[in-house]
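Before I ask anything, here is the structure I am working with.
The values are calculated or read from the model by the stated rules, or taken from the named source; none is laboratory data. Here the structure is a predicted model, which is why all the values come from computation and not from measurement. Here the Cβ is made from the backbone with ideal geometry for all residues, glycine too, and neighbour counts use every protein chain on show.
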Amino acid sequence: MTDDKNIAEGLPEPVVQRPRINASLVWLVPIIAALVGLSLVIHAWSDAGPTISVSFQSAEGLDPGKTPVKYKSVVIGKVTTVRLSEDRTHVVAKVALEKSAKSFATADSRFWVVRPRIGLGGVSGIDTLLSGAFIGADVGQSQEPKDDFVGLESPPPVTHGAPGKTFDLHADDLGSLDIGSPIYFRRIQVGRVSSYHLNKDGKGVTLQIFIDAPSDQFVTTSSRFWNASGVDVSLGADGLKVNTQSLATVLAGGVAFQDPPGPHDASPAQENDAFTLFNNMATAMAPPDGEPRYIRMRFSQSLRGLTVDAPVEFLGVPFGRVVSINLDFDEKTQTFPTIVGAVVYPARLGKAHDKLMALAKAQGDDEQMSQMMGRLVDHGLRAQARTGNLLTGQLYIAMDFLPKAPKVEFDGRAKPLEIPTAPGDFDKIQQQIADIVSKIQKVPFDSIGNNLNDTLSELHKTLQQVNGSVLPEVKTTLQGAQKTLGNANNAFAPDSQLQQNLGGSLQELQRAARSLRVLTDYLGDHPDALLRGRRADDKPLQAPLPPPPQDAPTQGSKP
Amino acid sequence: MTDLPRASDLGLIGCHVCRLVCRDVKGDNAVCPRCGSVLHKRKSSSYTRTWALLIAAFMFYVPANVLPIMRTVSLGDVDDNTILSGIIELWVKGSPDLAIIVFTASIMVPVLKFFALSLLLISSQRGSKWAQRQRSKLYRLVEFIGYWSMLDVFVVALLTALVQFGFFSQVEPLPGVVFFGLTVVITMIASMTFDPRLIWDGRDFDD
Ligand SMILES: [Zn+2]
């Protein structure tokens with residue numbers, strides 16, 4: 001230890017200074033870290049919105065920690081976990097909403113998964129092909145808090161707060177319509193079916209439709225809605241008509257609406273007004289039906305071709321339809337009359353109906369207007385089964401005034417009202433045809449046939465005679481004639497004797513003629529030769545004067 | 001080895017800067033007569049400082065792991081990754097080697113450093129004479145690997161700077177990486193403030 005002290009002896013002494021900053025200040029570092037951490041926690045806690053759970057049929061496209069929840073394309077939350085429900089029928093996605101999206105955790109919010117979707121109406125959600133699916137959200141007005149939702153399987157057709165109006169449509173059945181089916185106005189899509197439900201009494205369905213603004217103003221209190229699904233093919237007097245809204249409608253269904261032609265109340269319909277959904281445009285555009293009445297008719301003829309739903313017309317105006325056709329038995333006459341029941345809509349007669357009603361009321365007629373009906377029957381009002389279509393033989397019921405119709409008794413108080421009938425046009429035609437047939441039947445076709453048969457056998461005999469005796473003679477005659485003609489032919493043949501003789505004679509004749517000419521020429525020059533005889537040639541150079549050529553006979557045509 | 005005298009036993013104190021050996025005056029505020037830097041037998045309040053920094057580093061380590069460190073946008077797919085989810089993604093997407101490297105550098109090394117420093121601090125404070133050489137080696141290891149634990153920060157910085165594929169891919173650093181960087185820096189400072197001589201001091205030198 002003495003060595004140690006010695007070492008220390010010669011060493012410099014440190015300078016002592018006043019104290020510096022307290023070392024414990026280093027604790028500021030963890031305190032700051034803690035503060036930062038705390039601020040993060042507080043920030044996260046204050047930023048955290050409500051956590052909700054949404055159940056879906058499938059977790060396809062849902063990525064925990066990644067899949068965003070969007071409202072109007074703004075991210076308002078994120079899926080934190082996805083798990084299978086306890087009964088394994090669906091998946092439950094926990095969604096952490098942002099604080100600003102607190103209002104989405106209320107009763108009427110709706111959530112659905114936006115995936116690329118290809119439907120008849122087009123393709124939607126293309127952007128999700130790249131970015132992955134997201135959960136779409138729609139918020140309502142409700143203030144009631146809720147944190148457990150059932151997700152929609154397809155985007156809702158109408159988002160809350162979208163400008164437009166909702167209307168109710170009553171229909172017999174849903175047809176091919178579905179949520180999202182388009183609503184057309186003048187073939188432009190202006191809305192869609194937003195929901196439907198079966199009526200409580202089970203006797204129809206009610207569809208809720210949404211018409212986007214500003215097209216919702218075209219829905220008036222007198223607008224008519226009809227089912228535009230399918231192709232409406234009608235064969236009318238003016239030819240074949242095919243009517244459809246669009247190809248997509250044909251496949252997927254749709255509804256169209258329009259105001260009826262002519263004067264009507266064009267004030268815009270109110271929100272949630274109810275309308276009837278007609279089956280097609282024709283019935284939609286027909287005058288309003290009013291109250292239906294049930295009538296009965298008793299036909300004594302066969303009504304083959306008359307079916308339920310066949311039209312009933314009053315002076316050519318569609319008036320109602322047949323609802324029942326039943327066979328009856330009449331003991332008195334031992335016949336089977338047909339009882340046809342029909343539902344008619346007197347209001348379809350329009351002005352006539354209004355006037356008749358006014359008249360009946362003025363005269364104090366009863367509800368069924370029995371006096372009025374009685375008068376009309378007296379004037380010849382009768383129901384007839386007429387042929388509507390000659391090709392198919394379809395019948396319809398026509399109510400017309402037949403002044404010549406025999407008088408019948410009419411009970412105006414009977415319920416249901418029974419309209420007297422008259423045989424239809426078709427029956428008359430049938431009667432006429434029957435007459436014709438019976439007349440034809442009177443013709444003695446048998447004896448006519450027998451006579452004809454005898455006549456024919458006579459003719460046969462005659463012809464046989466002709467064959468046996470006349471024809472052979474004709475044959476021999478013809479053969480004789482043929483021989484003669486053959487001889488004539490031979491005689492005129494180029495190598496026949498006659499032809500050769502003729503040629504020789506002609507040559508001889510030519511030669512004679514030439515000799516004669518030579519003689520006459522010589523005599524013309526030397527007329528004295530007749531007296532002195534022929535003298536010797538004095539001019540040998542002029543000798544070839546007329547040298548007779550050897551082939552002259554063939555060229556005997558010198559002028 | 002404890003038989004051999006230490007500088008403090010001899011009443012000596014060395015200047016940390018100019019290495020001048022001075023006499024120990026047993027005062028807290030002695031200053032080197034040659035260069036003027038503060039003299040102390042051991043790093044002053046080494047335990048306190050190391051503990052404080054270690055705790056601060058641990059506090060930053062929590063948000064560093066909880067908060068996302070990086071956002072990648074590729075083909076419209078926005079992906080926020082924390083350190084752990086990034087490692088999982090690397091592993092799942094077929095780069096287990098990279099995943100192991102990142103896991104080692106970002107999770108294992110910091111955690112090991114926390115454990116090692118805590119172990120050194122506790123054992124030294126209790127004056128334990130257990131495995132002093134090994135503890136010294138552990139300290140040197142901690143000092144050595146400290147420089148390599150910034151891997152995540154480097155990865156994010158490199159990706160952000162280089163991997164800009166425009167429309168197809170975008171990389172963006174998120175707050176987590178700041179906390180991770182702070183953790184790494186503060187643990188490095190903590191390991192620096194720890195005086196390894198304390199390992200050898202035993203009970204008789206309680207700061
Ligand atoms: Zn010095």
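Being more than 9 Å from every other protein chain (Cβ to nearest Cβ) and either surrounded by fewer than 11 Cβ atoms within 10 Å (Cβ to Cβ) or modelled with pLDDT under 85 (or both) is the filter here, so list the residues in the stretch A:23-38 that pass it. Full working, then the answer.
Let us first name the residues in the stretch A:23-38 that are more than 9 Å from every other protein chain (Cβ to nearest Cβ), namely A:25, A:35, A:38.
Passing the criteria: only A:Leu25.
Within the stretch B:56-77, which residues are under 26 Å from B:Phe180 (Cβ atoms) and either of a type in the set (Gly, Ala, Ser) or assigned to a loop (DSSP other than H, G, I, E, B) (or both)?
Once the filter is applied, which keeps residues that are under 26 Å from B:Phe180 (Cβ atoms) and either of a type in the set (Gly, Ala, Ser) or assigned to a loop (DSSP other than H, G, I, E, B) (or both), the stretch B:56-77 yields B:Ala56, B:Ala57, B:Ala64, B:Leu67, B:Pro68, B:Ile69, B:Ser74.
Okay, next question. Yes or no: the stretch A:54-65 includes at least one residue that is surrounded by fewer than 15 Cβ atoms within 10 Å (Cβ to Cβ) and at pLDDT 85 or above.
Yes, the stretch A:54-65 contains at least one residue that is surrounded by fewer than 15 Cβ atoms within 10 Å (Cβ to Cβ) and at pLDDT 85 or above.
Any residue in the stretch B:62-73 that is over 27 Å from the mean Cα position of the chain (by Cα) and either more than 16 Å from the ligand (Cβ to nearest atom) or over 21 Å from A:Ile32 (Cβ atoms) (or both)?
Yes, there is a match, as at least one residue in the stretch B:62-73 is over 27 Å from the mean Cα position of the chain (by Cα) and either more than 16 Å from the ligand (Cβ to nearest atom) or over 21 Å from A:Ile32 (Cβ atoms) (or both).
Kindly check whether there is at least one residue in the stretch B:56-70 that is surrounded by 16 or more Cβ atoms within 10 Å (Cβ to Cβ), at the interface with chain A (Cβ under 10 Å from one of its Cβ atoms), without any contact (Cβ under 8 Å) to a residue 24 or more places away in the chain and in contact with a helix residue (DSSP H, G or I) (Cβ under 9 Å, 6 or more places away or on another chain).
yes
Given the conditions (1) more than 16 Å from the ligand (Cβ to nearest atom); (2) over 28 Å from A:Pro68 (Cβ atoms); (3) out of contact with any helix residue (DSSP H, G or I) (no Cβ under 8 Å at 6 or more places or on another chain); (4) not in a helix (DSSP H, G or I), which single one is not true for B:Arg6?
The failed condition is (3).
Condition check ((1) in contact with a Cys (Cβ under 8 Å, 6 or more places away or on another chain); (2) free of Cβ contacts under 8 Å to residues at least 60 places away in the same chain; (3) surrounded by 12 or more Cβ atoms within 10 Å (Cβ to Cβ); (4) on the phi > 0 side of the Ramachandran plot) across all residues:
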position: A:Met357; (1), (2), (3), (4): no, yes, yes, no
position: A:Val377; (1), (2), (3), (4): no, yes, yes, no
position: A:Ala383; (1), (2), (3), (4): no, no, yes, no
position: A:Leu395; (1), (2), (3), (4): no, no, yes, no
position: A:Met399; (1), (2), (3), (4): no, no, yes, no
position: A:Gln430; (1), (2), (3), (4): no, yes, yes, no
position: A:Thr462; (1), (2), (3), (4): no, yes, no, no
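Only one of (1) away from the ligand (no atom under 16 Å from the Cβ); (2) free of Cβ contacts under 8 Å to residues at least 12 places away in the same chain; (3) not small (Gly, Ala, Ser) fails for B:Val102. Which number is that?
(2)
In addition: Which of the strands (runs of 3 or more DSSP E) contained wholly in the stretch A:64-116 include at least 3 residues that are among the basic types (Lys, Arg)? It would help to see each step written out before you state the result.
On the way: elements: A:68-71, A:74-84, A:91-98, A:110-114.
In the stretch A:64-116, no matching strands (runs of 3 or more DSSP E) lie anywhere.
With respect to B:Val78, is the statement that it is more than 16 Å from the ligand (Cβ to nearest atom) and over 28 Å from B:Val109 (Cβ atoms) true? Spell out how you get there, then give the answer.
On the way: more than 16 Å from the ligand (Cβ to nearest atom): yes; over 28 Å from B:Val109 (Cβ atoms): yes.
Yes, satisfied.
What strands (runs of 3 or more DSSP E) completely inside the stretch A:156-210 contain at least 3 residues that are touching a residue at least 60 places away in the same chain (Cβ under 8 Å)?
Values: elements: A:164-171, A:182-185, A:188-198.
So the answer is A:164-171, A:182-185.
Kindly indicate whether A:Ser469 is at pLDDT 85 or above and assigned to a helix (DSSP H, G or I). Lay out the reasoning, then the answer.
Working: at pLDDT 85 or above: no; assigned to a helix (DSSP H, G or I): yes.
So A:Ser469 does not fit the description; no.
Could you check how many residues of the stretch B:39-51 are among the small types (Gly, Ala, Ser) and within 14 Å of the ligand (Cβ to nearest atom)? Full working, then the answer.
Here is the first cut: in the stretch B:39-51, the ones among the small types (Gly, Ala, Ser) are B:44-46.
Right, trim to within 14 Å of the ligand (Cβ to nearest atom) and you get none.
Final tally of qualifying residues: 0.
Follow-up. Hey, A:Ser438 hits all of (1) under 19 Å from A:Arg386 (Cβ atoms); (2) surrounded by fewer than 17 Cβ atoms within 10 Å (Cβ to Cβ) but one; which does it fall short on?
(1)
Could you check how many residues of the stretch B:9-38 are outside any loop (DSSP other than H, G, I, E, B), within 9 Å of the ligand (Cβ to nearest atom) and farther than 11 Å from A:Glu13 by Cα?
Residues of the stretch B:9-38 that are outside any loop (DSSP other than H, G, I, E, B), as a first pass: B:12-14, B:21-23, B:30-31, B:38.
Going one step further and asking which of them are within 9 Å of the ligand (Cβ to nearest atom), we end up with B:14, B:22, B:31.
Going one step further and asking which of them are farther than 11 Å from A:Glu13 by Cα, we end up with B:14.
The number of residues fulfilling the criteria is 1.
Now for a separate question. Please indicate, with yes or no, whether at least one residue in the stretch B:76-90 is more than 10 Å from every other protein chain (Cβ to nearest Cβ), surrounded by fewer than 19 Cβ atoms within 10 Å (Cβ to Cβ), within 24 Å of B:Val153 (Cβ to Cβ) and among the hydrophobic types (A, V, I, L, M, F, W, C).
Yes, because at least one residue in the stretch B:76-90 is more than 10 Å from every other protein chain (Cβ to nearest Cβ), surrounded by fewer than 19 Cβ atoms within 10 Å (Cβ to Cβ), within 24 Å of B:Val153 (Cβ to Cβ) and among the hydrophobic types (A, V, I, L, M, F, W, C).
Go through the stretch B:21-55 and count every residue that is more than 7 Å from chain A (Cβ to nearest Cβ), over 27 Å from B:Ile122 (Cα atoms) and not charged (D, E, K, R).
3
Ok, one more. Is it the case that B:Lys113 is away from chain A (no Cβ under 14 Å), touching a Gly at 6+ places or on another chain (Cβ under 9 Å) and not hydroxyl-bearing (Ser, Thr, Tyr)?
Yes, satisfied.
Among the listed residues B:Leu53, B:Leu84, identify the single one that is over 15 Å from A:Leu28 (Cβ atoms), of a type in the set (A, V, I, L, M), in contact (Cβ under 8 Å) with a residue 12 or more places away in the chain and not in a loop (DSSP other than H, G, I, E, B).
Working: B:Leu53 fails: over 15 Å from A:Leu28 (Cβ atoms).
B:Leu84 is the lone residue from the list that is over 15 Å from A:Leu28 (Cβ atoms), of a type in the set (A, V, I, L, M), in contact (Cβ under 8 Å) with a residue 12 or more places away in the chain and not in a loop (DSSP other than H, G, I, E, B).
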